[in-house]
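The values are calculated or read from the model by the stated rules, or taken from the named source; none is laboratory data. Since the structure is predicted, the reported quantities are computational estimates derived from the model, not experimental observations. As a convention, Cβ positions derive from the backbone with ideal geometry for all residues, glycine included, and neighbour counts pool all protein chains shown. Side chains are part of the model used for accessible areas, which takes the heavy atoms of the whole protein and leaves out ligands, DNA and RNA. Shrake-Rupley method; radii C 1.70, N 1.55, O 1.52, S 1.80 Å.
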Amino acid sequence: MTQRFSLRATVHSPPAMPGDAAPYAGADSFTFVRVELRDGDGVTGNGFTGRFLAPEVAHFLNGAAAEALAEAGDDPLPDLRRRFNPRAMTGVVVSALSALEIALCDLRAKRLGLSVAQMLGGARASAPVHVTCGFPALDTQALVEACGAEVAAGARGVKVLIAAKGRTVAQDLARLRAVRDAIGPGAELIADANCRMDLDTARAFSRGAVELNLAWLEEPVAGNDRHALASLAAEGRVPIGAGQMEQSADRFDLLTEAGIDVLQPNAVFAGGICAAVAAAQAGAAAGCAVSPAGGWDLVNLHWMCGALTDGAVELHRAQTRIARMLLPDLPTMSEGNMSPSDRPGLGLMPDEERLAACRVG
């Protein structure tokens, strides 16, 4: 039996639907690349990567990568990495190989009749959930209501975006205090700056946030500057998290060495599922907690439950507009946990009509 592969990469940008969470300001916030990978027996795997340079990622996949893949054997990724990324650069190539590797994992698990989580070892049946619902577009009252509802529904904690909409440190702290009062002392509260602060601002925020008992402050400084992160971590006022869009093992190692508390690899950016697992296991061995961020829980939930015995998964409410096109029966929380689909592969059932309707280019 031969396993020659063919692939197709497409770019999609779904519109908001009534009831969707408040969007980000970026025009490409919900743009993504889908890879359909088909083997010689007609089995198809789906893979994904997110927003950044999506047309360029798809162009590379449909061109040079597809040509190389047609000549590859059963395990094509090592050859593709040597051919297209021998110097371990990041960017378009790693994003493309992330989507391709996820599609390979989906396909291989389907051939085995297992879910991806089961194929990876089935370390646990479910993972705790943090819900990203604290969007900058919400005023304080709406923010409090959104976060309170998620905790009441069982979420372990909530994530609130800060350093946006021109708000000052004092204004962000006031919003977070209101959320803390609403969710109580037991729920975890995460503040996510999306790399929008300089070091002095991050220090000022950390000083003011001590009383809030944050689970962590996520990616506070521009560029995830490891020296600035090391300085914040050394001060020890609040735990620090980072890594959701990093794309190399070396960068994950440097973040760990900088002393961050929570490592956050996301398979759709990090090089795929196996790369995310490797980064997570190395970080955990160094004493970091692991909690992927940046959306795509439909992918990350599988490797978190398949290969790790601890750590929470982000459920990103703004990404519902993507998830509903890929899995009609979306995972739900039960007692604060969420389980991956037990169908073969990633368990996805793409709605081809909806995907076609929002295809770009």
Practice task
Considering only protein heavy atoms, with the full assembly of protein chains and a 1.4 angstrom probe, order LYS165, LYS110 by accessible area, largest first.
Solution key: LYS165, LYS110
Completion exercise
Residue-ordered couplings for the range 109-123, obtained by feeding phi - 60° into the Karplus form 6.51 cos²θ - 1.76 cosθ + 1.60 and rounding to whole Hz (Gly and Pro as x), are 5, 4, 5, 7, x, 10, 6, 4, 4, 5, 4, 7, x, x, 4
Handout entry: Accessible area of GLU257 in the full protein assembly, 1.4 Å probe (Å², nearest 10)
Key = 140 Å²
Problem - Cβ-defined net charge surrounding THR140, 14 Å radius [Lys, Arg +1; Asp, Glu -1] - result: +1
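Summing +1 for each Lys or Arg and -1 for each Asp or Glu, what net charge is found among the other residues whose Cβ lies under 14 Å from the Cβ of GLU352?
Numbers: positive: ARG8, ARG34, ARG324, ARG354, ARG359; negative: GLU36, ASP351, GLU353.
Here the charged neighbours net out to +2.
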Practice task
Output the peptides 44-56, 72-84 sorted from most to least packed, where packing is the average of other Cβ atoms within 10 Å over each peptide's residues.
Solution key: 44-56, 72-84
Practice task
Please report, in debye to the nearest 20, how large the charge dipole of the range 117-236 is about its Cα centre when each Lys and Arg carries +1 at its beta carbon and each Asp and Glu carries -1 there.
Solution key: 100 debye
Practice task
Work through the residues other than ALA178 whose Cβ is under 12 Å from its Cβ and net out their charges, Lys, Arg +1 and Asp, Glu -1.
Solution key: -1
Problem - Phi-based couplings in Hz for the range 145-156 (Karplus 6.51, -1.76, 1.60; Gly and Pro marked x) - result: 5, 5, 5, x, 5, 5, 5, 4, 7, x, 4, 4
Exercise for the section: Kindly express, to the nearest 10 degrees and within the range 0 to 90, the angle between helix 169-183's C-alpha long axis and the longest C-alpha principal axis of the chain. Expected result: 80 degrees
Problem - Lys, Arg +1 and Asp, Glu -1 on Cβ, resulting dipole of the chain about Cα centre, debye, nearest 20 - result: 260 debye
Fill in the blank from the handout: Extend 7 Å from the Cα of ALA68 along its Cα-to-C-beta direction; within the range 246-263, residues with backbone N under 12 Å of that point are none
